[in-house]
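Contents: one structure, followed by commentary.
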Amino acid sequence: MACLIHPSAVVDPRAELAADVEVGPFAVIGPQVQLGAGCWVGPHVVIDGRVRMGSGNRIFPGACIGLEPQDLKYTGAPTGVEIGDDNTIRECVTINRATAGEACTRIGSGNLLMAYSHLGHNCELGDRIVIANGVAVAGHVVIGDRAVIGGVLGIHQFVHVGTLAMVGGMSRIERDVPPFCMVEGHPARVRALNRIGLERSGLADQAGGLQQVEDLRRAWSLIYRRGHTLAAALQLLRAEPLSPAAATLVAFLEASQAPSRRGPIPGAR
């Protein structure tokens, strides 16, 4: 099957498009772009720079992917964007390539980036993440699998958002968001475990899953509700066996305190 390219689209002959890729009216695709099978590129989309995209991705009108980063340190390095499979990138989303060396901004598979969201240079996204409308994700942010980011908020540079975290809309995210937690506010605070997210993840249905959920609840309570300092709570938890989910929470909080990181968002009083 030949590519379905609208006559008004501008596709560089050096671009590599799978046989069934569809390109809408007035779209622009640069010479270093690679698009996998089943990708749909809507009207007025711009994909330029070193962009490698897997299969089944849907790019809605007005999105811009792979353009130069909004970083004064950028000097023309051959950086890029790498995108997995089955992502939905809605209207007017912007995804910038990395800043230096041959680095990439990376997006996994099965993600939904809603309209007018921005993904800055050198970001790394896992799989099955939802980023709502009008979210501005600054450079070097890392977002774990199945996180949900509410609308109209900003995430500071170098912040890490853990797996299955949920961030409430219009929050100010300037520090790390722990996995499995609900975070909300201005400034943001850890409010509760993301119980609905955990239920939808199917963790409780796995072998030993119910015990994992219970261990995670106990660990969360020890960290955020027993009056311990974070260091003391982590020390108590490390003194006993931890199930995988609780170990993920503890490891994230320990890593977040490294000098190169921004530190974790504290719990609500």
Next on the checklist: Please go through the stretch 75-101 and give me each residue that is under 15 Å from CYS123 (Cα atoms) and of a type outside the set (Gly, Ala, Ser), ordered by number.
Outcome noted: THR79, VAL81, GLU82, ILE83, VAL93, THR94, ILE95, ASN96, ARG97, THR99
Item to check | Residue list for the stretch 184-216, filter: under 23 Å from ARG128 (Cα atoms) and of a type in the set (S, T, N, Q) | outcome: ASN194, SER201, GLN206, GLN212
Item to check | Unique residue being within 24 Å of PRO259 (Cα to Cα) and at pLDDT 95 or above when the list is GLY144, GLY150 | outcome: GLY144
Item to check | Some residue of the stretch 70-77 being small (Gly, Ala, Ser), over 26 Å from GLY144 (Cα atoms) and surrounded by fewer than 20 Cβ atoms within 10 Å (Cβ to Cβ) | outcome: yes
Next on the checklist: Could you list, ordered by first residue, the pairs with Cβ atoms under 7 Å in which the first is in the stretch 198-212 and touching a residue at least 40 places away in the same chain (Cβ under 8 Å) and the second is assigned to a helix (DSSP H, G or I), at least 6 apart or interchain?
Outcome noted: LEU203/GLY209; LEU203/GLN212; LEU203/VAL213; LEU203/ALA245
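The values are calculated or read from the model by the stated rules, or taken from the named source; none is laboratory data. Bear in mind that the values here come from a model prediction, so they are computed numbers and not experimental data. Glycine also receives a Cβ, built like all others from the backbone with ideal geometry; neighbour counts cover every protein chain displayed.
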